[in-house]
Amino acid sequence: MHYINQLNYPHLVYHTNAKRDVPAEEKINTVKAVGCGLCCACMVVNSLTPYTLNIEDCVKISESCGANPYRGTNMSILAPVIAEKYDLVYTATDDLEEAIAHLQKGGQIIVHTGIPEGKEIGLFTQSGHYILAVSTDGKEFCLLDPEYSPGKFDIPKRSGKVDDSHAPYLYCDVNIVDSETKPGKTKYHLFARNR
């Protein structure tokens, strides 16, 4: 599976905050800064279909379908568009057991992580972040984090929770990942091949 890291795209412009009344300069971001969802969407398409979706084209799709209303990407808007365009089946759930079963049937999941209530920092993010779950044994998720860099999980509040010894493939307890999902948002965006 081809891994895509948003940190490799510091100069690729991604227009966001389209629905917010903010200064013009705050509407111009980069994939490096806010492109985690785009990277995950590309990895899903490239892995589950015979097609190739590059970051540049994914930026265009997201901007044209209005999946960029705020600082990053609204996956609830982008995911159905990507699924239709690339002949995938898309559903969404907040149920961990459903997510596990989906992965065990060969699907993939874009997981919306955040900062759990009462914490200063999330395991995967300092605000909101999408990661890709590619498989599971029912106990751990195998994940691809589009913002991974060596040392990300070494800080005291993250240490010991993510096995990154096989990076970019990361391994984390399914219940820990579930507890790190973004409060008030859809947790799991499920994609499967259209058989």
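Coordinate-derived values only; no laboratory data. Since this is a predicted model, take the numbers as computed values, not measurements. Cβ sites come from the backbone with ideal geometry, for glycine too, and all protein chains shown count toward neighbours.
Some values worked out for this structure:
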quantity: Vicinal HN-Hα couplings computed from phi for the range 163-168 (Karplus, 6.51 cos²θ - 1.76 cosθ + 1.60; Hz; Gly/Pro x); calculated: 8, 10, 5, 10, 3, x
quantity: Bridge type composition, the range 6-193 - antiparallel percent by DSSP, nearest 5; calculated: 100 percent
quantity: When each of Lys105/Lys139; Lys105/Lys161; Lys119/Lys157 is checked by Cα-Cα distance, pairs over 18 Å; calculated: Lys105/Lys161
quantity: Distance (nanometres) between label positions extended 7 Å along Cα→Cβ at Asn194 and Ser159; calculated: 4.9 nm
quantity: Inter-probe distance in nm under a simple model that places probes 7 Å from Cα toward Cβ, at Ser76 and Gln126; calculated: 2.7 nm
quantity: Prolate/oblate/rounded label for the range 105-194 (Cα gyration tensor, a/c 1.5); calculated: oblate
quantity: Relative contact order of the chain, pairs being alpha-carbon contacts under 8 Å that are 6 or more residues apart, as %; calculated: 23 percent
quantity: All lysines inside 17 Å of Lys60 as judged from Cα atoms, apart from same-chain residues fewer than 8 positions distant; calculated: Lys19, Lys27, Lys32, Lys85
quantity: Length added when fully stretched, Lys85-Ser149, from 0.36 nm per residue minus Cα-Cα; calculated: 19.9 nm
quantity: Amide H partners (placed H, <5 Å) of Thr136, local residues excluded; calculated: Cys142
quantity: Chain lengthening between Thr30 and Ser179 when straightened (0.36 nm per residue, less Cα-Cα); calculated: 50.8 nm
quantity: Net charge over other residues, Cβ less than 12 angstrom from the Cβ of Tyr169 (K, R count +1; D, E count -1); calculated: -4
quantity: Top of Ala92, Ala79, Ala41 by mean-square fluctuation, Gaussian network on the chain, Cα under 10 Å; calculated: Ala92
quantity: The range 6-193: proportion of alpha-carbon pairs further apart than 27 angstrom, %; calculated: 23 percent
quantity: Computed label-point distance, nm, for sites Glu117 and Ala101 using a 7 Å Cα→Cβ extension; calculated: 2.7 nm
quantity: Cross-link partners of Lys185 among aspartates and glutamates (Cα-Cα below 12 Å; sequence separation of 8 or more within a chain); calculated: Asp94
quantity: The chain: DSSP helices with Cα axial extent of at least 30 Å and average Kyte-Doolittle hydropathy no lower than 1.0; calculated: none
